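What follows is a short report on a single structure.
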Amino acid sequence: MSNAIHLHYEVSGDDFTRAGEASGAVKKRLKSLGYNSDAIRRVAIAMYEAEINMVIHANGGFCDVDIYPDKVEILLADNGPGIADVDKAMQEGYSTAPDNVRNLGFGAGMGLPNIKKYTDEMRIETTLGVGTKLYLTVIVRE
Amino acid sequence: MVVRDIIEILKGEIICEGDLNQEIKTACGSDMMSDVLAFVKDQSVLLTGLVNPQVVRTAEMMDMACIVFVRGKDPDESIVSLAQSRDITLIKTRYRMFTACGLLYSNGLSGGTEV
Ligand SMILES: Nc1ncnc2c1ncn2[C@@H]1O[C@H](COP(=O)(O)OP(=O)(O)O)[C@@H](O)[C@H]1O
Ligand SMILES: [Mg+2]
């Protein structure tokens, strides 16, 4: 616990162009710490999809990242509308994103499946009208 | 194949110059960023008709060295400066998506996946 590096980022809900800043910063930090490129990429992609979701579906939120020698733990929390049916949301191709989001290159319903694919653990806590917490763990394998 | 070869094959124009000698092993053509993010490949180039900063961020997360904007689309200053800070080469080509992908494919670049 004591040798963990803790990072915190606020994610703005009204600037789509800045979505991904936090993920990019974490990626850069992991690189400078010498983590292997496979682990870095898995963290970056999973966190990026989650960050995008926070912006397009939940009006922003925050990320807490804990970097350990053997794993990276990420919490992404928002006060958005929550997810009514998590099983459905996890299906490839399921999306409630409006057309304007699709025109920006997202909203294909692949975000949560991608996150699942790249992480070793993924847990969703969500309450309608309250918000969503996404807990992700990526194990660093040498 | 290196970034410089891609520019030549696609009669492209450099908008933002990164490492032109960076080796390119595979390519990916898409306007949906989550589709790009679904398959991790090594040292690749992204061809897209989509022009916004998230194209650069997607390439950043995937460690892609180069983005090709098809149909002669011009990225704005915010996109260019983002690419600059990430050391990603931006190219524009007048070819449309199908033709640009076909040209790279017939010059030996593959998608890097079986299907
Ligand atoms: N943070 C979130 N808050 C509310 N709803 C979400 C959140 N993340 C995902 N969802 C819901 O889950 C669906 C599927 O998410 P995802 O697989 O990332 O696809 P997409 O973002 O392309 O719609 C979204 O369309 C949305 O309805
Ligand atoms: Mg998504």
Per-residue Cβ counts within 10 Å, from other chains only, averaged over B:51-57: what number is that? 5
Over the whole of A:46-59, what's the average partner chain Cβ count within 10 Å per residue? Rounded to a whole number, please. 2
Students often check this: by mean Cβ neighbours within 10 Å, which of B:81-87, A:99-105 ranks highest, and how do the rest follow? B:81-87, A:99-105
So, over other residues within a Cβ distance under 13 Å of residue B:33, counting Lys, Arg +1 and Asp, Glu -1, the net charge is -3
Table column - 3J(HN,Hα) (Hz), the range A:67-72, Karplus curve with 6.51, -1.76, 1.60, x for Gly and Pro: 9, 10, x, 10, 6, 10
Long-range share for the range B:3-106, i.e. C-alpha pairs more than 18 Å apart as a percent of all pairs, stands at 37 percent
For the protein assembly as shown, what number results from the quotient of the Cα radius of gyration and 2.2 N^0.38 Å? 1.00
Which links in A:28/A:117; A:88/A:116; A:31/A:71; A:71/B:41; A:31/B:92; B:41/B:73 stretch past 19 Å when you go from one Cα to the other? A:28/A:117; A:71/B:41; A:31/B:92; B:41/B:73
Neighbouring partner chain Cβ atoms per residue of B:27-40, average, 10 Å criterion: 6
Hand me the GluC sites (Glu not before Pro) from the range B:1-107 located in a DSSP loop with no more than 11 other Cβ atoms within 10 Å, in residue order please. none
Neighbouring Cβ atoms within 10 Å as the yardstick, rank B:45, A:43, B:80 fewest first. B:80, B:45, A:43
Chain A: radius of gyration and largest Cα-Cα distance (Dmax), Å: 14.5, 46
Say the dipole of the protein assembly as shown comes from +1 at the beta carbon of Lys and Arg and -1 at that of Asp and Glu; which of A:30, B:66, B:3 then lies farthest toward its positive end? B:3
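Read-outs: derived from the displayed coordinates by stated rules, not from any lab. From a predicted model like this one, the values you see are computed outputs, not experimental measurements. Note that each Cβ is placed from the backbone with ideal geometry, even for glycine, and that neighbours are counted across all protein chains shown.
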